[in-house]
Amino acid sequence: MARIRTKIPEVALCLPTSIVTMRELLSGVLRYAQLNGPWSIHIIGGRDGEQRLLTSAEKGSFSGMMIYMGDGIGDGYYEPWMDTSKTPMVLAHLSDKMLQSDHPMNQKHRVMCDNRSVALGAAHHLLERKFNHFAYVGEVHDVSWSAERCALFQETIEHAGFPCALYPKLTEKEQNDFLSEQIRLSQWLKTLPKPIAIFAANASRALQVMDACLKVKIRIPDEVAVLGVDNDVMICETTHPQLSSIQMDTERAGYEAAHTLDQLMRGTRLKQRIIQYGFSSLSSRKSTETPLLNDILVSRAREMIRINMGTSITVSDIVNHLDVSRRLLEIRFKKATGRTIYDAIMQIRLERAQNYLRQSAMPVEEIATTCGFVSASHMGTYFRKAFGMPPASYRQMQRTDSCH
């Protein structure tokens, strides 16, 4: 039977907030505490100069703790006293060393990722896009969660009857310096058959793949489609093109982990709980759009539009650059995309204008110039036609929605 509390519990949450999944986990814990508290919460997010409360933790001053132990981050800092500590705790991930069956940390309550659901979600999404070639680019240190995603993704793709290339393991120097690795990654990408769909271990790794493609002029998504994990909006919404990514139900796992910790702090004896989170949904963006590589000319035209979306590029500029007749390019572009070249230019300008209206305080006149329109009235005409309202009304509506 759970004991009655006589004081508010002191809870330490040692979760690195630089990792998006840990921020989501933290959000779930805080939501639980808000509904079922009060808790006195101390967040240790791994920032420079932060008060880490190590002495208090060692002395058992906390009622409960949730600690991130993944990828070796918590090994040296928390592990030395954790095995003997009587403080109720739930661990968030374990380093590869701790995952060994005889390691004492492996017996504690913990949160972990269901990599099978992530790999299957990635494979099914890319298979639905009708690719014939696939590849996987893993986490730089080839840690177990990345290797597990790799094996399950490869198995699913090959079971569907398609080849799956694997990016080779890195040297120690390459693991610690992307500039050292970038040439190798770029050259590997050039050797792959096109079009190809690449599943990257996480969002930051997907960003590196996209950067390497840019360096060697590989077009995304026409030649290479890229899918990441974590759906870190800061990354996914700011890449060119925007990055498709898997969203995981980490916040739900954080809520369940907080419930487990709450029971432990109340004196309830529990069998080991392993709380899993995994694939929740997929945010499909332009990086995994169905490729148009069956017409190289159209792909090159689309790429030129994309990289010049902040200029007043014209159809004539594209025709002259590709050195083809305007009529030929117009016919092939309309056949492949269902719209004219001019319409495609306007669409990408309008999408960029939408982003500025949502995310900045830039005046409408300046947005129009930045997005390649002749004037604010020129942008307004096309904006009203596309979205049924002037730019200023769209901005006001977005601000109103964000307040609710």
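The values are calculated or read from the model by the stated rules, or taken from the named source; none is laboratory data. On a predicted model such as this, the values are computed, not experimentally measured, just so you know. Here Cβ is always computed from backbone atoms with ideal geometry, including for glycine, and neighbour counts include all displayed protein chains. Accessible surface is based on the protein model in full, side chains and every heavy atom, while ligands, DNA and RNA are left aside. Shrake-Rupley method; radii C 1.70, N 1.55, O 1.52, S 1.80 Å.
Side notes on the structure shown:
- Each residue, residue 269 and residue 238, gets one label point 7 Å from its Cα in the Cβ direction; the gap between the two is 5.2 nm.
- Distance between modelled label sites at residue 6 and residue 179, nm, 7 Å Cα→Cβ extension: 6.1 nm
- Working note: Cα gyration tensor of segment 296-348, eigenvalues times five, square-rooted, sorted largest first, giving semi-axes of 15, 13, 9 Å.
- Shown are 8, 218, whose ranking by accessible area with a 1.4 Å probe and every protein chain present, most to least, is 8, 218.
- Extended-chain gain in nm, criterion 0.36 nm per residue less alpha-carbon gap, residue 216 and residue 40: 58.1 nm
- Of all beta bridges that DSSP places with both ends in the chain, some 10 percent have antiparallel geometry.
- Nonlocal amide H pairs with residue 95, under 5 Å, H built at 1.01 Å: 71, 72
- Working ranking of peptides 207-217, 330-340 by packing, defined as the average number of other Cβ atoms within 10 Å per residue, highest first, is 207-217, 330-340.
- Calculated translational diffusion coefficient of segment 166-294 (20 °C, 1.002 mPa s; Stokes-Einstein with Kirkwood radius over alpha-carbon pairs) equals 128 µm²/s.
- Checking every one of the trypsin sites (Lys or Arg not before Pro) in segment 261-322 against DSSP loop status and a limit of 14 other Cβ atoms within 10 Å picks out 269, 271.
- Phi-based couplings in Hz for segment 11-18 (Karplus 6.51, -1.76, 1.60; Gly and Pro marked x): 10, 9, 10, 9, 10, x, 6, 6
- Dividing the mean sequence gap of close Cα pairs (under 8 Å, 6+ apart) by how many residues the chain holds gives a relative contact order of 15 percent.
- The distance separating the Cα centre of segment 117-163 from that of segment 330-350 comes to 33 Å.
- At 1.002 mPa s and 20 °C, Stokes D of segment 256-404 from Kirkwood alpha-carbon radius, µm² per second: 112 µm²/s
- Among the listed pairs 215/335; 194/217; 7/271, those with a Cα-Cα distance over 18 Å are 215/335; 7/271.
- Note on residue 171: accessible area approximately 70 square angstrom, rounded to 10, probe 1.4 Å, nucleic acids and ligands left out.
- Of 22, 304, the order by accessible heavy-atom surface (1.4 Å probe, DNA, RNA and ligands excluded), from most exposed downward, is 304, 22.
- Accessible surface, 1.4 Å probe, highest first, among residues 148, 181: 148, 181
- 3J(HN,Hα) couplings calculated from phi for segment 131-145 with the Karplus curve 6.51 cos²θ - 1.76 cosθ + 1.60 (θ = phi - 60°) are, in sequence order, 6, 10, 9, 9, 8, 10, 10, x, 4, 4, 9, 6, 5, 4, 5 Hz; Gly and Pro show x.
- Global geometry of segment 97-228, whether rounded, prolate or oblate, following the gyration tensor of its Cα atoms and the 1.5 cut on a/c: oblate
- Cut-off 11 Å between beta-carbons: net charge of the residues surrounding residue 219, Lys and Arg +1, Asp and Glu -1: +2
- Per-residue ³J(HN,Hα) for segment 110-117, Karplus 6.51 cos²θ - 1.76 cosθ + 1.60, θ = phi - 60°, Hz, x for Gly and Pro: 7, 10, 8, 8, 7, 5, 4, 5
- Residue 172 paired with residue 374, simple spin-label distance in nm, labels 7 Å along Cα-to-beta-carbon: 6.4 nm
- Theoretical FRET efficiency, 1/(1+(r/R0)^6), r = Cβ-Cβ of residue 396 and residue 252, R0 51 Å, to 0.05: 0.90
- Based on Cα atoms of segment 1-44, Rg over Rh with Rh as the Kirkwood radius reads 1.05.
- When Rg and the Kirkwood radius Rh are both evaluated on Cα atoms of the chain, their ratio Rg/Rh stands at 1.05.
- Helix-derived mean residue ellipticity, 222 nm - over the chain, DSSP H n ≥ 4, -39500 (n - 2.57), to 500: -14500 deg cm²/dmol
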